[in-house]
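Have a look at the structure below before the remarks.
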Amino acid sequence: WRGHVLVPAYVMYLTRIADFYTRIPPGDVTSILEIGPGLGLSTLAHMTLNPHLRIVANVDIVPVLYLSTQFLRSITAIDMVDYRQMRERVTISIEPAERKVRLYQMAPWQLPKLEGQIDYFFNAFSFQEMEEEVVRNYAQEIFRLVDKGALIHSMAQGHKRGAGGQRAPVTLEFLTELFSEKWPNVRSIDGLWPRLYGGDANLTRLLTVG
């Protein structure tokens, strides 16, 4: 692709993010927040497809965060601020870097310290693994920080009942109702990801103000 060899897993992430940018102009997205970005392929997909992107804030559990930090640190276009640098900070102020994408790699307990304005929020299939009250707590922080909208991928019926000790599945209906409190315009996305990678447009929710 454009002279580069890409692994299939990365192309799958590209299709999900490409579907988003067919609905939202890249110029409207200069900053993003993602909870559960995996090993960073979602971050790289945004950087590949959106030349306007300046700030990324990623939140993940510490073992995965450590691995993704080591991986993303190798990307020269990223100005990395890892969780260890922010460990003692009372507040974490969002600031762009000159000529690079500034990436904040944060543990979950650091999110309440984050200050600034972010354009869009993303989550793919990790909310369904949590408890409802945990998702509600995350939502309050997201509403505080994020302005324009959110893209959520989740199984309609949530995680397998009882998996990981979860008391009740977090369903896509629950997530849609919760996040539409701030972004009432709700759409599904039928695009490259459903057509090429066996996904389902009904598992996506793009939520915006209007």
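Which of the numbered conditions does GLU133 fail, given that it passes all the others? Conditions: (1) farther than 16 Å from PHE174 by Cβ; (2) part of a helix (DSSP H, G or I); (3) acidic (Asp, Glu). Evaluating GLU133 over (1) farther than 16 Å from PHE174 by Cβ; (2) part of a helix (DSSP H, G or I); (3) acidic (Asp, Glu) leaves (1) as the failure. In this entry, LYS148 passes the filter for residues that are touching a Phe, Trp or Tyr at 6+ places or on another chain (Cβ under 9 Å), of a type in the set (Lys, Arg) and surrounded by fewer than 21 Cβ atoms within 10 Å (Cβ to Cβ). The one condition from (1) surrounded by 13 or more Cβ atoms within 10 Å (Cβ to Cβ); (2) modelled with pLDDT under 95 that TYR138 does not meet is (2). Apart from one condition, VAL59 fits all of (1) of a type in the set (Val, Ile, Thr); (2) open to solvent by less than 40 Å² (accessible area, probe 1.4 Å); (3) out of contact with any Lys or Arg (no Cβ under 9 Å at 6 or more places or on another chain); (4) closer than 25 Å to ASP200 by Cα; the exception is (4). With respect to the stated conditions, HIS153 fails to be open to solvent by 40 Å² or more (accessible area, probe 1.4 Å) and closer than 22 Å to TYR13 by Cβ. Of all the residues in region 90-130, those that are under 13 Å from ARG54 (Cα atoms), open to solvent by less than 20 Å² (accessible area, probe 1.4 Å) and without any contact (Cβ under 8 Å) to a residue 60 or more places away in the chain number 3. Is it true that some residue in region 70-83 is open to solvent by 10 Å² or more (accessible area, probe 1.4 Å), in contact with a strand residue (DSSP E or B) (Cβ under 6 Å, 6 or more places away or on another chain) and among the basic types (Lys, Arg)? The answer is yes, given that some residue of region 70-83 is open to solvent by 10 Å² or more (accessible area, probe 1.4 Å), in contact with a strand residue (DSSP E or B) (Cβ under 6 Å, 6 or more places away or on another chain) and among the basic types (Lys, Arg).
Among the residues of region 177-201, those identified as at pLDDT below 95 and open to solvent by 30 Å² or more (accessible area, probe 1.4 Å) are ASP190, LEU192, ARG195, LEU196, TYR197, GLY198, ASP200. What do you reckon, is ILE75 modelled with pLDDT under 95 and either assigned to a strand (DSSP E or B) or β-branched (Val, Ile, Thr) (or both)? Against the criterion (modelled with pLDDT under 95 and either assigned to a strand (DSSP E or B) or β-branched (Val, Ile, Thr) (or both)), ILE75 qualifies.
Checking the structure you have, find out if any residue of region 153-161 is assigned to a helix (DSSP H, G or I) and polar (S, T, N, Q). The answer is no; no qualifying residue exists.
The values are calculated or read from the model by the stated rules, or taken from the named source; none is laboratory data. All values reported here derive from a predicted model rather than from experimental measurement. Virtual Cβ from ideal backbone geometry, glycine too; neighbours counted across all protein chains shown. The protein model used for the area step is the full one, side chains on, heavy atoms only, and it has no ligands, DNA or RNA in it. Shrake-Rupley method; radii C 1.70, N 1.55, O 1.52, S 1.80 Å.
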